[in-house]
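S.K.: Pasting a structure here, questions to come.
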Amino acid sequence: MTGNVIEVEGLRKEYRGRGGKRVAAIDNLDLAVPEAGVFGFLGPNGSGKTTTIRCLLGLVRPTRGRISLVGLPVPGELHHAIRRVGAIVESPALFPTFTGRENLRSLAAIDRIGARRVEEVLGLVGLGERADDLVKKYSLGMRQRLALGATLLKDPELLILDEPANGLDPAGIRQVRALMRQLADEGRTVFVSSHILAEIEHTCDRVAILRHGRCVAQGTVREVLASAGASEAMLVKIDDLDAGVAALHRAGFGAERLDGHVRVAIAPTEADRVTRALAEGQQWVTDLRPEERSLEDLFLELTADDAPPPARGHEEVGA
Amino acid sequence: MNLLVVEMRRALHRRVVRVLILMALIGCAAVGVIAFVDSAGKSLAELQVNGNHHPAVMRDWWIAGGGDGALSVSSFFLLMGGLVGGASVAGAEWRAGTVTTMLTWEPRRVRAHLSRTAACGILAAVIAFALQTVFLASLLPAALLNGSTANLDSHWWISLVAAMLRTSLLTAIGAVLGVALATLGRNTAFALAAVFGWIAILEGVIRGLKPGLARFLWGENMTLILTWAQLDNVSFRRGPLVALITIALYVSLIVAAATLVFRRRDVGSAS
């Protein structure tokens, strides 16, 4: 294996739209997911995340492109690869007239996985006490946890999770986040698609951002944020915000109040000019720092409809 | 083998399968009670007046060669039950999205589809045989207490069991057909509409306009298999074995088409 558990090259998937017109759900997508860690796969609705995941799992036939999963080509060797992969695609589809335990046992039987592992997994996802209830009586969150449990049955080295926090309450989300981190710390790879960006930012080691079926950024979270360039603004904390804004305007700076700070439109390298201007206006700085961009800011910027189209053959950041 | 067992367990857990079995059991009990009440206090001659068959007379349960008797009545319901059950099992998989779940465990689609088809066929045959046994058992009180158990030679018993096995086979064929059609249309309704549209409407039209083609129709061939004798009131001669081969060929073609489509078509939509 090359060190990448998922490799996608030039992946394209077309669907026939209205009037027979072909629409590309994924367009020339390159993706490399290294072994171990949590990899966030981000993109707005309709960006091609789930279609990509379906291609990885052989559920959808790509129009063209090359895919490998745990070092094996897909779809040719998928039946070998799938033994080492646990996956949830979209909403968890379980057998509603089975109990939670029967669901897991039924899936485990396909790969000759024993009852002890089923019990372990039920405990791991916190469903031990409700394991004998029918799944149709489960809440969405419980179904999501059971589906997560199903992915763990095989003790997989790669987990592919499509929006695993959907339908979970805050405690459930935290549990899933902790579980993903724990699995990654054990040396597994967790490939997770999500639109809850705060989750990704704090859980993932690496991310890829998708727009209109193309990858617009890829790398570690830090690399991706750095690739978008530093923010051209500083945040200043002073006692009298209005007086500070007035002083900065007199000195010719663009300044505004923002969340208990004054935001000054200036490069961080020119911070000394800001302190001088404020001092001249009898305003004393208690905190001065460059404005940080969150992953969410970057995500919205990169995936906005009026954002410039990504270059073909996108280069991975920091690769 | 594992997959086959898993598919059989899942099919048995389907509500529609359980409801169909329950309805059949209620039907058996009702027929048993009606046969008993109807035969109470009547002589054998009264039970068989005008050459009619009565379920209180065991010999009338199955009339070899003519395909008549109480057992033949149950065959129609079992065949329909097999079809509805098979179509519902496959259709429900698409509705619930569990096709995706299964394919993330067994991505070899041909294997997955054929396992499900075989599981439904085997289950349908076993259930059909068991239900026929229950049905005939429900008639026993009427036969033992009010009717007759005379003239039951070994030839008759063999003929009865063979008819039960053929009915089980036809039920299995119905289930396999239901699974294949529901897989093609990705829902239960498509399968049921296709079968009823074909057998009730198209075959009727063909029978009326082109009687010479009737030998190739499902209805005629299925009846031939069930009775295992030449049909009355038809213009053609056709052996039951040829009918069996014809039906096997039809079912194989439909299953092959369903398998091919299941193998090639994408599972899930763009998002």
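The values are calculated or read from the model by the stated rules, or taken from the named source; none is laboratory data. All figures in this text were calculated on a predicted structure; none of them were measured in a lab. Backbone-built Cβ (ideal geometry, glycine too); neighbour counts: all protein chains shown. For the accessible areas, the whole protein counts, side chains as well, though only heavy atoms, and no ligand, DNA or RNA atoms are used. Shrake-Rupley method; radii C 1.70, N 1.55, O 1.52, S 1.80 Å.
S.K.: Only one residue in B:Leu224, B:Leu192, B:Leu165, B:Leu181 is assigned to a helix (DSSP H, G or I), without any contact (Cβ under 8 Å) to a residue 24 or more places away in the chain and not polar (S, T, N, Q), so which one is that?
M.R.: Values: B:Leu192 fails: without any contact (Cβ under 8 Å) to a residue 24 or more places away in the chain; B:Leu165 fails: without any contact (Cβ under 8 Å) to a residue 24 or more places away in the chain; B:Leu181 fails: without any contact (Cβ under 8 Å) to a residue 24 or more places away in the chain.
So the residue among B:Leu224, B:Leu192, B:Leu165, B:Leu181 that is assigned to a helix (DSSP H, G or I), without any contact (Cβ under 8 Å) to a residue 24 or more places away in the chain and not polar (S, T, N, Q) is B:Leu224.
S.K.: Moving on to the next point. Being touching a Gly at 6+ places or on another chain (Cβ under 7 Å), within 14 Å of chain A (Cβ to nearest Cβ), within 30 Å of B:Thr101 (Cα to Cα) and at pLDDT 90 or above narrows it down to one residue among B:Val17, B:Val5; which is it? Walk me through how you get there before you give the answer.
M.R.: Working: B:Val5 fails: touching a Gly at 6+ places or on another chain (Cβ under 7 Å).
Unique residue meeting the criteria: B:Val17.
Residue by residue, here is whether (1) within 11 Å of the chain's Cα centre (by Cα); (2) not hydroxyl-bearing (Ser, Thr, Tyr) holds:
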residue: B:Ile127; (1), (2): yes, yes
residue: B:Val134; (1), (2): no, yes
residue: B:Ala137; (1), (2): no, yes
residue: B:Gly147; (1), (2): no, yes
residue: B:Asp153; (1), (2): no, yes
residue: B:Trp156; (1), (2): no, yes
residue: B:Ala163; (1), (2): no, yes
residue: B:Thr167; (1), (2): yes, no
residue: B:Ala172; (1), (2): yes, yes
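S.K.: Now for a different question. Would you mind telling me which numbered condition in (1) under 17 Å from A:Ala147 (Cβ atoms); (2) open to solvent by 30 Å² or more (accessible area, probe 1.4 Å) A:Pro62 fails?
M.R.: (1)
S.K.: In addition: With the requirement that a residue be buried (at least 23 other Cβ atoms within 10 Å of the Cβ) and in a loop (DSSP other than H, G, I, E, B), what does the range B:55-69 give you?
M.R.: Residues satisfying the conditions are B:Pro55, B:Ala56, B:Trp62.
S.K.: For the range B:134-141, indicate whether the set of residues that are open to solvent by less than 20 Å² (accessible area, probe 1.4 Å) and within 14 Å of chain A (Cβ to nearest Cβ) is non-empty.
M.R.: For the range B:134-141, residues open to solvent by less than 20 Å² (accessible area, probe 1.4 Å) and within 14 Å of chain A (Cβ to nearest Cβ): absent.
S.K.: Here's another thing I want to ask about it. Go through the range B:109-133 and report how many residues are within 14 Å of chain A (Cβ to nearest Cβ) and either without any contact (Cβ under 8 Å) to a residue 40 or more places away in the chain or not in a helix (DSSP H, G or I) (or both).
M.R.: 0
S.K.: Here is a follow-up. Quick test of your reading of the structure: B:Glu106 fulfils all but one of (1) among the acidic types (Asp, Glu); (2) within 14 Å of chain A (Cβ to nearest Cβ); (3) in a helix (DSSP H, G or I). Name the failing condition by number.
M.R.: If we test B:Glu106 against (1) among the acidic types (Asp, Glu); (2) within 14 Å of chain A (Cβ to nearest Cβ); (3) in a helix (DSSP H, G or I), just (3) comes out false.
S.K.: Quick check on this structure: which one of A:Pro34, A:Pro44 is open to solvent by 20 Å² or more (accessible area, probe 1.4 Å) and touching a Leu at 6+ places or on another chain (Cβ under 9 Å)?
M.R.: On the way: A:Pro34 fails: touching a Leu at 6+ places or on another chain (Cβ under 9 Å).
It is A:Pro44.
S.K.: Answer with yes or no whether B:Ser72 is in contact (Cβ under 8 Å) with a residue 12 or more places away in the chain and either open to solvent by 20 Å² or more (accessible area, probe 1.4 Å) or under 17 Å from the mean Cα position of the chain (by Cα) (or both).
M.R.: On the way: in contact (Cβ under 8 Å) with a residue 12 or more places away in the chain: yes; either open to solvent by 20 Å² or more (accessible area, probe 1.4 Å) or under 17 Å from the mean Cα position of the chain (by Cα) (or both): yes.
Criteria met by B:Ser72.
S.K.: Have a look at B:Ser39, B:Ser43 and point out the one that is of a type in the set (Ser, Thr, Tyr), surrounded by 14 or more Cβ atoms within 10 Å (Cβ to Cβ) and more than 14 Å from chain A (Cβ to nearest Cβ).
M.R.: Values: B:Ser43 fails: surrounded by 14 or more Cβ atoms within 10 Å (Cβ to Cβ).
So the residue among B:Ser39, B:Ser43 that is of a type in the set (Ser, Thr, Tyr), surrounded by 14 or more Cβ atoms within 10 Å (Cβ to Cβ) and more than 14 Å from chain A (Cβ to nearest Cβ) is B:Ser39.
S.K.: For the range A:140-156, enumerate the residues that are assigned to a loop (DSSP other than H, G, I, E, B) and open to solvent by 60 Å² or more (accessible area, probe 1.4 Å).
M.R.: Going through the range A:140-156, the residues assigned to a loop (DSSP other than H, G, I, E, B) turn out to be A:153-156.
Matches in the range A:140-156: A:Asp155 only.
S.K.: If I filter the range B:258-270 for residues that are crowded, with 19+ Cβ neighbours inside 10 Å, under 30 Å from A:Val60 (Cα atoms), within 14 Å of chain A (Cβ to nearest Cβ) and free of Cβ contacts under 8 Å to residues at least 12 places away in the same chain, do I get at least one hit?
M.R.: yes
S.K.: Against the conditions (1) surrounded by fewer than 17 Cβ atoms within 10 Å (Cβ to Cβ); (2) of a type in the set (Gly, Ala, Ser); (3) part of a helix (DSSP H, G or I), where does B:Ala150 fall short? Just the number, please.
M.R.: (3)
S.K.: Name the residue that is modelled with the lowest pLDDT, counting only residues in the range B:237-256 that are open to solvent by less than 40 Å² (accessible area, probe 1.4 Å) and assigned to a helix (DSSP H, G or I).
M.R.: Here is the first cut: in the range B:237-256, the residues open to solvent by less than 40 Å² (accessible area, probe 1.4 Å) are B:238-240, B:243, B:246-247, B:251, B:255.
Filter once more, so that each one left must be assigned to a helix (DSSP H, G or I): B:240, B:243, B:246-247, B:251, B:255.
Details: B:Pro240: 90, B:Ala243: 93, B:Thr246: 95, B:Ile247: 95, B:Val251: 96, B:Val255: 97.
My answer is B:Pro240.
S.K.: Of the residues that make up the range B:87-94, is at least one out of contact with any strand residue (DSSP E or B) (no Cβ under 8 Å at 6 or more places or on another chain), surrounded by 14 or more Cβ atoms within 10 Å (Cβ to Cβ), on the phi < 0 side of the Ramachandran plot and of a type in the set (Ser, Thr, Tyr)? Before the answer, list the steps.
M.R.: Taking the range B:87-94 as the starting set, the residues that turn out to be out of contact with any strand residue (DSSP E or B) (no Cβ under 8 Å at 6 or more places or on another chain) are B:87-94.
Next cut, surrounded by 14 or more Cβ atoms within 10 Å (Cβ to Cβ) only: B:87-94.
Now drop any that are not on the phi < 0 side of the Ramachandran plot, which leaves B:87-94.
Keeping just the survivors that are of a type in the set (Ser, Thr, Tyr) gives B:88.
Yes.
S.K.: Suppose we keep only residues that are among the hydrophobic types (A, V, I, L, M, F, W, C) and away from chain A (no Cβ under 14 Å) within the range B:74-89. Which one would you say is nearest to A:His79 (Cα to Cα)? Don't jump to the end; show me each part of the working.
M.R.: Residues of the range B:74-89 that are among the hydrophobic types (A, V, I, L, M, F, W, C), as a first pass: B:76-80, B:83-84, B:87, B:89.
Subsequent filtering for residues that are away from chain A (no Cβ under 14 Å) retains B:76-80, B:83-84, B:87.
On the way: B:Phe76: 41, B:Phe77: 40, B:Leu78: 37, B:Leu79: 36, B:Met80: 36, B:Leu83: 31, B:Val84: 32, B:Ala87: 27 Å.
Looking at the filtered set, the residue picked out is B:Ala87.
S.K.: A:Gly128: away from chain B (no Cβ under 14 Å), free of Cβ contacts under 8 Å to residues at least 12 places away in the same chain and touching a helix residue (DSSP H, G or I) at 6+ places or on another chain (Cβ under 6 Å), yes or no?
M.R.: Details: away from chain B (no Cβ under 14 Å): yes; free of Cβ contacts under 8 Å to residues at least 12 places away in the same chain: yes; touching a helix residue (DSSP H, G or I) at 6+ places or on another chain (Cβ under 6 Å): yes.
Against the criterion (away from chain B (no Cβ under 14 Å), free of Cβ contacts under 8 Å to residues at least 12 places away in the same chain and touching a helix residue (DSSP H, G or I) at 6+ places or on another chain (Cβ under 6 Å)), A:Gly128 qualifies.
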